[in-house]
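The values are calculated or read from the model by the stated rules, or taken from the named source; none is laboratory data. Only a predicted model underlies this, so the values are computations on that prediction, with no experimental measurement involved. Please note: Cβ atoms are built from the backbone with ideal geometry, for glycine as well, and neighbour counts cover all protein chains shown. Each accessible area value is taken on the protein alone, full model and side chains, heavy atoms only, with ligands, DNA and RNA left out. Shrake-Rupley method; radii C 1.70, N 1.55, O 1.52, S 1.80 Å.
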Amino acid sequence: MLFNSYQFIFLFLPVALAGYFVAGRFGNLAPVIWLALASLVFYSVSNWQFVALLLASIAFNYLIGLLLISGRLRPALRFAALTAGVAGDLAVLGYFKYAGFLAANLNAIFSTGLALNVLLPVGISFYTFTQIAFLVDAYRGNVARYALPHYALFVTYFPHLIAGPILHHRDMIPQFERAESKRPDPHLMLCGLIIFAIGLFKKTCLADGIQPLVSLAFGPDAPTFDQAWLGALAYTFQLYFDFSGYSDMAIGISLMFGIFLPLNFNSPYKAQNIIDFWRRWHMTLSQFLRDYLYIPLGGNRHGSVLRYVNLMITMLLGGLWHGAAWTFVIWGALHGAYLCINHAWNRFGPAVAPRYQRAANIAAFIVTFTAVVIAWVFFRADSLSTAIYVLSKMADPTTIAFSRLEIVQTIFIMVYAAIAWFGPNTQEIMGYDHRKRTVGQELSAWQMRPLFIYVTAAVLAFGILGIQQHSEFIYFRF
């Protein structure tokens, strides 16, 4: 089921909300159980064949977690339990996501004739990483004992289940435990509706609206120099508005239930260096890779050379997490190299005189954004040969065909760029802070509410009118 569908907006969400608050009258765990069951229904609508896999994953990781926090195992057995849990999670993820990729590469090298076509369960990357973090923290002694209904809801919670954000038990399960006494909060309901409307508008009007321009570079026809750049830029903005739109919708939906989700985006295309970009783009994935991969590898604790090696390993695996294709590996390798260069520049680069700081910041912004666009070409391309072909066209100004149509398309792209570069992001508009559990403080002044309500109604109307029959979010495939 898609957030940007009529059945979700007008049927599933109202029923889930009504049932959640009514269930509070029938016992402490009733709202939690209701929301977990609703989440399973949400998942099963388009992924019914993988519901059993999801439930088995929950049971497996919950039992391993209980063993790790029980205090009854010797250190060696605790480590063995952690290893078994993480290995089990990765084995399942590896089979469904990478078995076909491995078979194809073995066949290409050794002509084995081996071919596997494994259907990928939607959301498996997200709920696998969520549970691996839980197991590692349980091993470290950073997890309290949780009831099974709360843990099951933590994993299946439908606003995040399909495409994140990657949740952390420390942020979410205490909120689910307090949900037992929740009552509808009109302020959070209104704020949630506004944020949902913004996300829906991003998806149906902005991201889906720019799709035709993406095909200029990645369609069947050979692009010219300007068309290749227009297509690459179009995908750059499409991906941002599509994924940040999903994240906004997830945050808005969750707020209606009185639950705060972590932020996933903070205007990433405003970044002036790649380090800052990764603090703003897919923030929950960045935090996961830092806390559960980069730092355990050694981080920056063992000198510059090993720091660069750890960065490359982290980003290569981060790229492979996105998809079983060499294009994602190259995308990860590029960002790993970018980060290494950025850290080396911070250490060895020349100091900038104050009078040139503004010009240096603009140059840094242009270099960063250009590097990100080039990497997105690999992320979007169906194959390495396609990516290299598009990049070759982007590097060949002799094929420019700047006609009247390209001029109009350039203006269209510039509007998207202005929104991404100069416009406020959703949390700035709404004053959203998931750590402080605050949102929409301006709305507490009643005189502001009519304006927000009218604007929200217009944005929501445009978003609903822009809904197409079936337009999946880009990150559903990961």
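Taking all protein chains as they are arranged and a probe of 1.4 Å, the heavy atoms of Ile419 leave approximately 70 Å² accessible to solvent. In the complete set of protein chains, residue-level accessible area for Phe402 is approximately 110 Å², probe 1.4 angstrom.
Taking all protein chains as shown and a probe of 1.4 angstrom, Leu116 keeps an accessible surface of around 90 Å².
Across segment 84-203, the mean sequence separation of Cα contacts (distance under 8 Å, 6 or more residues apart), normalised by length, yields a relative contact order of 21 percent. Here segment 272-307 is scanned for amide nitrogen atoms under 18 Å from the site 7 Å beyond the Cα of Ile366 along Cα-to-Cβ, giving 272-274. Placing unit charges on the Cβ atoms only, positive for Lys and Arg and negative for Asp and Glu, gives the chain a dipole magnitude near 1280 debye about its Cα centre.
Taking all protein chains into account, the per residue accessible area for segment 208-266 stands at 20 Å² (1.4 Å probe). Subtracting the Cα-Cα distance of Ala144 and Ala108 from 0.36 nm times their residue separation leaves 8.1 nm of extension gain. How far is the Cα center of segment 109-163 from the Cα center of segment 237-273, in Å? Cα centroid to Cα centroid, the span is 21 Å.
Tell me the relative contact order for segment 285-389 as a rounded percent, counting alpha carbon contacts under 8 Å between residues six or more apart. For segment 285-389, the relative contact order is 23 percent. When each full DSSP H helix of the chain is screened for a Cα extent of at least 18 Å along its own axis and an average Kyte-Doolittle hydropathy of at least 0.0, the helices passing are 30-47, 51-69, 75-110, 124-140, 186-201, 225-256, 304-322, 326-348, 357-380, 404-422, 449-465. For Ser471, Ser215, the ranking by accessible surface with the largest value first comes to Ser215, Ser471, using a 1.4 Å probe. In terms of accessible area, using a 1.4 Å probe and ignoring ligands and nucleic acids, Val459, Val377 rank largest first as Val459, Val377. Provide the net charge surrounding Asn4, with neighbours chosen by a C-beta distance below 11 Å and charges set as Lys +1, Arg +1, Asp -1, Glu -1. Every neighbour counted, the sum reads -1.
Comparing Ala271, Ser383, Met249 along the charge dipole axis of the chain, the residue lying farthest to the positive side is Ala271, per the Cβ-charge model. Note on surface exposure: Trp229, Trp376, Trp326, Trp278 rank Trp326, Trp229, Trp278, Trp376 by accessible area, highest first, 1.4 Å probe.
Taking trypsin sites (Lys or Arg not before Pro) as exposed when DSSP calls them loop and at most 10 other C-beta atoms lie within 10 angstrom, the chain has its longest site-free stretch at 146-300.
Near Ile124: Cβ cut-off under 12 Å, other residues only, Lys/Arg at +1 and Asp/Glu at -1. The net charge is +1.
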